[in-house]
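Report on one structure; see the data block that follows.
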Amino acid sequence: MHSRFIFILPLFFLLTGCYSSATSGHQSLSSIVFLVTGNVYPTGYYYVTVNIGNPPKPYWLDLDTGSDLTWLQCDAPCTKCFPAPHKPYKPNKNLVTCMDPLCASVHWPETLNCESPNDQCDYEVQYADHGSSLGLLVNDRFRLKYTNGTVVEPRLAFGCGYDQEVEASMNPPYTDGVLGLGLGKASILRQLNELGVTKNVVAHCLSAQGDGHLFFGDEFVPSSGVTWIPMSTTKIEKHYYLGAAELLVGGKTSGIKGLPIVFDSGSTYTYFSAKAYNALVSLLMNDLRGKQIYDANEDKTLPVCWKGSKPFKSIQDVKNLFNPITLSFAKSKNVRFQMDPEAYLIVSKYGNACLGILNGSEVGLESVNLIGDISFHDKLIIYDNDKQRIGWAPANCSKLPNINNGAPERRGRCKPDESNVDILQAYCAA
Ligand SMILES: *[C@@H]1O[C@H](CO)[C@@H](O)[C@H](O)[C@H]1NC(C)=O
Ligand SMILES: *[C@@H]1O[C@H](CO)[C@@H](O)[C@H](O)[C@H]1NC(C)=O
Ligand SMILES: *[C@@H]1O[C@H](CO)[C@@H](O)[C@H](O)[C@H]1NC(C)=O
């Protein structure tokens, strides 16, 4: 169970300024779409293939809206790399220096610590699951293809990670690194936006059946049916923070209010703080009383599992026994984020239903509530940094969402490349 949430202390940090968009003038930029591979269980992560370098080589990168820095396992040389699908990236005199503003942005507090202006820029990221990556900032070309077929090769800064750690009890994800989609300066998205390549909007659609899509730009944002909530200005620094919510189970209030909510695609499961978690577990247990479902303490897949009179094959077999879990945001006109059983249960290999909402207090998340991949299932989740808002809409993530503008005229102009061949073929044939 990976969680890419980055600890920054103090977690609550009042921002005095506002983020401003560098490219509000780019009215109709085309978007970039990636095919996503992976699932919550048993894999535990979702990744996209990104082509980097000259000549470009493919790398599998774990999607992470919970952190900024993109990094690849790197032969600088590598002191600690994990088995990965591709050879480690080789830097080629393309170091970012410690004077670069991006270097400051990957450090906390954001200060420069340069002895000489040409020093390399070291970074270290630590995630909530105690994983980490240590290395140097470099820059190189990312080969990206717009949905209209045009290829762009912007130079972007990223981490060349030569020393990675993961918690001993955990398998490292079989990827080459992490794709940082957070809102800080180092984020790939923010860099693309500053270069005028795409709008500062990213969206993902993760299917409960596995796989899905990732979008840069706003071409795929539906013109209706999206529930929007402003990104909270009293932010948990550098995270997609939606403000405080009340917890409801089966439409009834739990009495638990004021839960700070963060969206983080780098976290496999959802984490509630102890008070919300305790209330949730007891409410779910109450609801199940008298139903043909029992505790399965022997199943260690996740901390809370239930068995039926015979093994469950899929969520379909249990979903009618469970109520939706809802987060209601009082400050935003009681906007609701609803999690149906598909968005908080998995069926383990033993045929039990296990709760995919975990106790965040046990992993040191304190009062933050992290909404992770499991709860994004079959929703288009949109992080619109240009308009400072986050949105969601129901979606069949096995299919490409409808295009907002000019869909018919695009037909025939699609030229799929390696990283998006399937999706564009489906799209062009539609
Ligand atoms: C595709 O979109 C990009 C960005 O909006 C634009 O610069 C480019 O000219 C477009 N290409 C075509 C063939 O329309
Ligand atoms: C959640 O974690 C906290 C802190 O470790 C603990 O006190 C609490 O009992 C846990 N809740 C449950 C239901 O296990
Ligand atoms: C989602 O789309 C896929 C592919 O078109 C289709 O096979 C599946 O039945 C759809 N699922 C739902 C719930 O509509």
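The values are calculated or read from the model by the stated rules, or taken from the named source; none is laboratory data. Since the structure is predicted, the reported quantities are computational estimates derived from the model, not experimental observations. Neighbour counts run over all protein chains shown; Cβ positions are idealised from the backbone, glycine included. Each accessible area value is taken on the protein alone, full model and side chains, heavy atoms only, with ligands, DNA and RNA left out. Shrake-Rupley method; radii C 1.70, N 1.55, O 1.52, S 1.80 Å.
What net charge is computed for the residues neighbouring LEU134, neighbours being all others with C-beta under 11 Å from the C-beta of LEU134, Lys and Arg scored +1, Asp and Glu -1? Mind showing how you got there, number by number?
Numbers: positive: LYS80; negative: ASP122, GLU124, ASP163, GLU165.
Result for the local shell: -3.
Considering only C-alpha atoms, what is the centroid distance from the stretch 83-143 to the stretch 221-273, in Å?
30
Using a 1.4 angstrom probe on the protein heavy atoms only, could you order ARG389, ARG190 from most to least accessible area?
ARG389, ARG190
For labels at ALA330 and LEU195 in the simple 7 Å Cα→Cβ model, what's the distance in nm?
So the label points at ALA330 and LEU195 sit 4.5 nm apart.
Taking the Cα-to-Cβ direction at ASN396 and at GLU124 and moving 7 Å from each Cα, how far apart do the two end points lie in nm?
4.9
Cβ neighbours within 10 Å, averaged per peptide: list 123-131, 352-360 in order, most packed at the top.
So the order, starting with the most tightly packed, is 352-360, 123-131.
Taking only C-alpha pairs under 8 Å that are 6+ residues apart, what is the relative contact order of the stretch 69-156 in percent?
20
Kindly state, to the nearest 0.05, the FRET efficiency for ALA274 paired with THR37, given R0 = 41 Å and r defined as their beta-carbon distance.
Computed FRET efficiency for ALA274 and THR37 comes out at 0.75.
Accessible area, 1.4 Å probe, largest first: how do PHE82, PHE142 sort?
Working: PHE82 50, PHE142 5 Å².
So, going from the largest accessible area down, we get PHE82, PHE142.
Add +1 for every Lys or Arg and -1 for every Asp or Glu among the other residues with Cβ under 14 Å from the Cβ of GLY308, and state the total.
Working: positive: LYS291, LYS307, LYS310, LYS313, LYS319; negative: ASP295, ASP299, ASP317.
Overall, the nearby charge balance is +2.
Just by accessible area at a 1.4 angstrom probe, what is the order of HIS239, HIS86 from largest to smallest?
If we order HIS239, HIS86 from most to least accessible, we get HIS86, HIS239.
Ranked highest first by the average count of other Cβ atoms within 10 Å around their residues, in what order do 192-198, 377-383 fall?
Values: 192-198: 19.7, 377-383: 22.0.
Sorting 192-198, 377-383 by mean packing, highest first, produces 377-383, 192-198.
At a Cα cut-off below 14 Å, give the aspartates and glutamates reachable from LYS275, other chains included and same-chain residues fewer than 8 away excluded.
GLU246, GLU362, GLU366
Report the gain in length on full extension from GLU167 to LYS80: 0.36 nm times residue separation, minus Cα-Cα distance, nm rounded to one decimal.
Values: separation 87, 0.36 × 87 = 31.32 nm, distance 1.38 nm.
Value of the extension gain: 29.9 nm.
Quickly rank 241-250, 201-210 as a protection proxy: mean count of other C-beta atoms within 10 Å, highest first.
Taking the mean over residues of other Cβ atoms within 10 Å, the ranking is 201-210, 241-250.
Between beta-carbons, use under 10 Å as the cut-off and find the net charge around ASN39, counting Lys and Arg +1, Asp and Glu -1.
-2
Too long at a 28 Å Cα-Cα cut-off: which of LYS257/LYS399; LYS252/LYS331; LYS145/LYS185; LYS199/LYS399? Please list the in-between numbers first.
Values: LYS257/LYS399 36 Å; LYS252/LYS331 19 Å; LYS145/LYS185 23 Å; LYS199/LYS399 23 Å.
In this structure, LYS257/LYS399 lie more than 28 Å apart at Cα.
Whole-Hz ³J(HN,Hα) for each residue in the stretch 268-279, computed from phi via Karplus 6.51 cos²θ - 1.76 cosθ + 1.60 with θ = phi - 60°, x for glycine and proline: what do you get?
Taking θ as phi minus 60°, the curve returns 5, 10, 9, 10, 9, 5, 3, 5, 6, 5, 4, 5 Hz for the stretch 268-279.
Which value, in Å² and to the nearest 10, is the accessible area of TRP228 when all protein chains are kept and the probe is 1.4 Å?
The value for TRP228 is about 70 Å².
Report the gain in length on full extension from CYS114 to LYS252: 0.36 nm times residue separation, minus Cα-Cα distance, nm rounded to one decimal.
On the way: separation 138, 0.36 × 138 = 49.68 nm, distance 5.53 nm.
Full extension of this stretch gives 44.2 nm more.
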